[in-house]
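Below is one structure, written out as structure tokens, with a few remarks after it.
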Amino acid sequence: MSDSADPDMPFNALGLDEPPQPAATTGAAYRVLARKYRPQTFAELIGQDAMVQTLGNAIARGRLAHAFLMTGVRGVGKTSTARLIAKALNCIGADGQGGPTIDPCGVCEPCHAIAEGRHIDVIEMDAASHTGVDDVREIIEAVRYAAVSARYKIYIIDEVHMLSKNAFNALLKTLEEPPPHVKFLFATTEVNKVPVTVLSRCQRFDLRRITPEMLFGHFNHILALEGVEAEAPAVWMIANAAEGSVRDGLSILDQAIAHSDLDGHAAISAAHVRAMLGLSDRSRILRLLNDILNGDAKGAIEGARAQYALGAEPIAMVRGLMDVVHAISVAKISQHDDPALNDADRAQIGEWAQKMGHGTLGRLWQLLVKGHEEVLRATSDMDSLDMVLLRVIHAASMPDPAELVRLIREGGVAMPPASAPTPQEHGADAPPTANDNGGRVADFGIDDIFALFDAAGRHGLAVRLNDDVAPVRVAANVLHFEATAAADAALARDLADALLAVTGARWDVRAVAESGAPTRRARHDAAADADVAALMDNPLVQAGLAAFPGAKLVGE
């Protein structure tokens, strides 16, 4: 057999098996949902009623701006709105006699050509790839000529913030005084990068994020048109994951449909969407939070490890805990709840909302926010999650500052012996005062105030109190002190503000020209010196120093 074979000779004639041929495809190529269901009329543009009404009134009254700027997050319909405006301005109606309208017919030649992106007088430009002065110069030269077949020559510039500074400057004069047959339509996700000189020449429309409720209804409508069934919690998950973007949500919905088909399921289930998005199981997250609140460190660590073994990412578990804490906080102040929750989980969140205080929820949120950052940056995210959970468990069992104040007032907290205030600290000559509610407030010592600041997270102020406050008189709502030389002038004011925030009562805080008792730092240093002196008197220590000349006694 020769090295080369006749390309027209059949495979079986050459003694070879014919390779399998791909099945012939029928029909048009598949279009993703985001393109298939792109709005073709203003009525199909969801969530932007205010903008549609403004445009409708402007068209009806003939008060059309020469430049429009659409801004908003990705996928809310900026470019689609620009195309709709182009259709609205150039529509001639089914009979060819119509004028600009907020309800373009969709059947005339301009409507068809604009919808298909082939109209010669509607020029779309991507500013990301046309950033320079030369690109803008082409526009400036072209606007002098009238439209070929449309009422208006329209320039749609997407991501306009990507134009260079020189390009913006070159466009300013034309943008301010364009020929009457030219309209500019700009779209951007970063309006803060657009020069104010350009913004002042445009009529601006801020397109809103689409609410999960609107997205839920929109996605259900599309699923009905596609003939696909889906569980309501699954659609809610997709609507929440879209974060206000219709395009993002439709992309996720497209993926969910493909995922369910491959698995042989007729309907999109919540479990499949959760697995597809990498979300933690909400019920498992609730159990994890329950272990945290109960101080069950072993149960929390084992539960997190079990979720990790099932494929849940550590960062997704932290986000799940944050979502639950947020849901509890919202449920505490309103009847709003997450439609994606089942009845049991909803009841559990409602129970926590009744039992947990705002301070506890706020502290949990702050700890989880910090933990989220740590897990995100950690080289070993699961180990980092373990440490975050342990820290949250420890903090969750601590009373918040308001509760600590209440316990101290009621005698529910036994302070260590070192915190017992001396007579000079309490100031026997200072009568107790009343708080703003007329109730009597128990006397505080300097150590008590230090403990309050430390528990409230005001560590910097606690250090200043420790180092720079020599107490002269400490009574109920009274703190008079001798400031050390290192103390700053704002110390008394800062202490008063912090005590008001922590205790809920106004305090008389002032630096006085009297000698005070030693500061907490001085007392601590004196106690340490006394301990060292006592240790030095120990015969064993003296014998050791004698045996090793030059040896010194140092701390740990």
Computed label-point distance, nm, for sites residue 243 and residue 137 using a 7 Å Cα→Cβ extension: 4.0 nm
Calculated FRET efficiency, residue 267 and residue 112, Cβ-Cβ r, R0 35 Å, to nearest 0.05? 0.45
Extension gain (nm, one decimal) between residue 49 and residue 344, 0.36 nm per residue minus Cα-Cα: 102.5 nm
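If each residue of separation counts as 0.36 nm, what is the full-extension length gain between residue 373 and residue 177 once their alpha-carbon separation is subtracted?
Roughly 65.6 nm would be gained on extension.
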Residue by residue, what Karplus-based ³J(HN,Hα) values in Hz, rounded to whole numbers, does the stretch 92-99 have, using 6.51, -1.76 and 1.60 with θ = phi - 60° and x for Gly and Pro? 10, x, 4, 8, x, 10, x, x
Two pseudo-spin positions, 7 Å from Cα along C-beta at residue 535 and at residue 197, lie apart in nanometres by 7.2 nm
Ordering of 348-354, 137-143 by packing [mean C-beta count within 10 Å, highest first]: 348-354, 137-143
In whole angstrom, the spacing between the Cα centers of the stretch 458-481 and the stretch 74-89 equals 63 Å
Roughly how many nanometres apart are two label points built 7 Å out from the Cα toward the Cβ at residue 213 and residue 459? 4.4 nm
What's the carbon and sulfur percent of the stretch 156-203's accessible surface, probe 1.4 angstrom, rounded to a whole number? 52 percent
Residue 358/residue 395 FRET efficiency (R0 22 Å; Cβ-Cβ; nearest 0.05): 0.90
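For residue 128 and residue 326, calculate 0.36 nm times their separation in residues minus their Cα-Cα distance, and state this gained length in nm to one decimal.
Contour length minus the Cα-Cα distance gives 67.5 nm.
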For the stretch 174-224 and the stretch 148-165, distance of Cα centres in Å: 13 Å
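Here are some pairs, 36/165; 36/87; 36/153; 87/173; 298/355; which of them have Cα atoms lying more than 29 Å apart in this structure?
Over 29 Å apart, Cα to Cα: 36/165.
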Please give the per residue accessible area of the stretch 176-218, computed with a probe of 1.4 Å over protein heavy atoms only, in Å². 51 Å²
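The values are calculated or read from the model by the stated rules, or taken from the named source; none is laboratory data. The structure presented is a predicted model; accordingly, all values stated were derived computationally and were not measured. Cβ: placed from backbone, ideal geometry, glycine included. Neighbour counts: every protein chain shown. We work out accessible area using only protein heavy atoms, side chains counted, and drop any ligands, DNA or RNA first. Shrake-Rupley method; radii C 1.70, N 1.55, O 1.52, S 1.80 Å.
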